[in-house]
Amino acid sequence: MKITVINGTEKHGVTYKLKEIFLDELREKAEITEFYLPKDCPNFCVGCTTCFRTDGSKCKDAEYTQKIEKALLSADLLIFTTPAYVFHATGAMKAMLDHFGYRWMPHKPAKEMFGKRAVIITQCLGGGGKSAAKDIKDSLSWWGVSDIRACSFKLMSEIEWDKLHEKAKKKMAGKLVSVAEKMKKIDYSKPARTNLLTKCKFYAVRMLQTNLGKTNPEYTDFKYWKANGWLDKERPWK
Ligand SMILES: Cc1cc2nc3c(=O)[nH]c(=O)nc-3n(C[C@H](O)[C@H](O)[C@H](O)COP(=O)(O)O)c2cc1C
């Protein structure tokens, strides 16, 4: 199984430790590719809209974003991690997600996304872990991912992890370990089930694209949807 991890910080802090505990449960079975932000996607989207008008390969930051996109599309399981910064995901995570605005359903969603599973891991001291997870979940669900599990933690930042016994580490991240155990048992040769909410979004956008195509058949998102057969009988899920 292939796992792609997007780390919202380069720091080897609490969020990193939690992610390691999660991955330790899966390492044996998995081929893991990791990205650390901002290092692996250092620039902001400048709003040139080239990706919306053409495609992501023409982005000024394509040397970074295309590597990430390739790893996301080929993975069976996507992991996103972030500490809460002022009640949200890190700016680096938001900057990366902005680069994939063109993959939101009203534009050019990748059909591979509809069958994927994702886990979001967030850490905060007092509050904001859930809203940080939502920042990521918003993008994932609009990319077409249905199976999204969020694990939000409120651990102390001064934990001396090296002095902790393996069992104590796992106990601290109990929820994460049980999610990892569940993820380990999944048969990844089968895509995740596309849920009703995702299907509702798809059909609403389908209606929108059909209407946009009537006014302007050269509209790029309309052409993309049409080429995929989604305005006819084809669907991005199985
Ligand atoms: C810029 C910044 C903003 C933060 N905002 C919040 C916050 O809104 N809520 C919170 O509980 N903790 C906040 N924190 C604390 C971190 O979420 C917390 O220390 C976390 O454990 C850091 O994870 P890390 O060790 O993986 O970097 C903030 C920290 C920084 C540096």
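The values are calculated or read from the model by the stated rules, or taken from the named source; none is laboratory data. Nothing here was measured: the structure is a model prediction, and the numbers come from that model. As a convention, Cβ positions derive from the backbone with ideal geometry for all residues, glycine included, and neighbour counts pool all protein chains shown.
Figures for the structure shown
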| item | result |
| --- | --- |
| Ile32 being among the β-branched types (Val, Ile, Thr), more than 14 Å from the ligand (Cβ to nearest atom) and touching an Asp or Glu at 6+ places or on another chain (Cβ under 8 Å) | no |
| Residues (under 11 Å from the mean Cα position of the chain (by Cα), among the small types (Gly, Ala, Ser) and not in a helix (DSSP H, G or I)) located in the stretch 117-137 | Ala118 |
| Residue within the stretch 213-222 that is surrounded by 14 or more Cβ atoms within 10 Å (Cβ to Cβ) and assigned to a loop (DSSP other than H, G, I, E, B) present | yes |
| Residue within the stretch 175-191 that is over 27 Å from the mean Cα position of the chain (by Cα) and modelled with pLDDT of 95 or more present | no |
| Options Lys111, Lys94; residue that is within 16 Å of the ligand (Cβ to nearest atom), surrounded by fewer than 24 Cβ atoms within 10 Å (Cβ to Cβ) and among the charged types (D, E, K, R) | Lys94 |
| Qualifying residue in the stretch 4-15 (condition: in a helix (DSSP H, G or I) and either within 19 Å of the chain's Cα centre (by Cα) or closer than 30 Å to Lys169 by Cα (or both)) | yes |
| Residue in the stretch 145-152 that is more than 10 Å from the ligand (Cβ to nearest atom), in contact (Cβ under 8 Å) with a residue 12 or more places away in the chain and part of a loop (DSSP other than H, G, I, E, B) present | yes |
| Residue in the stretch 57-65 that is in contact with a Lys or Arg (Cβ under 8 Å, 6 or more places away or on another chain) and outside any loop (DSSP other than H, G, I, E, B) present | no |
| Of all residues making up the stretch 71-89, the number that are over 19 Å from Val145 (Cα atoms) and surrounded by fewer than 24 Cβ atoms within 10 Å (Cβ to Cβ) | 4 |
| Boolean, Asp40 is over 19 Å from Val119 (Cα atoms), out of contact with any Asp or Glu (no Cβ under 7 Å at 6 or more places or on another chain) and at pLDDT below 95 | no |
| Unmet criterion (only one of (1) more than 23 Å from Leu176 (Cα to Cα); (2) of a type outside the set (S, T, N, Q); (3) within 16 Å of the ligand (Cβ to nearest atom); (4) surrounded by 14 or more Cβ atoms within 10 Å (Cβ to Cβ)) for Asp55 | (3) |
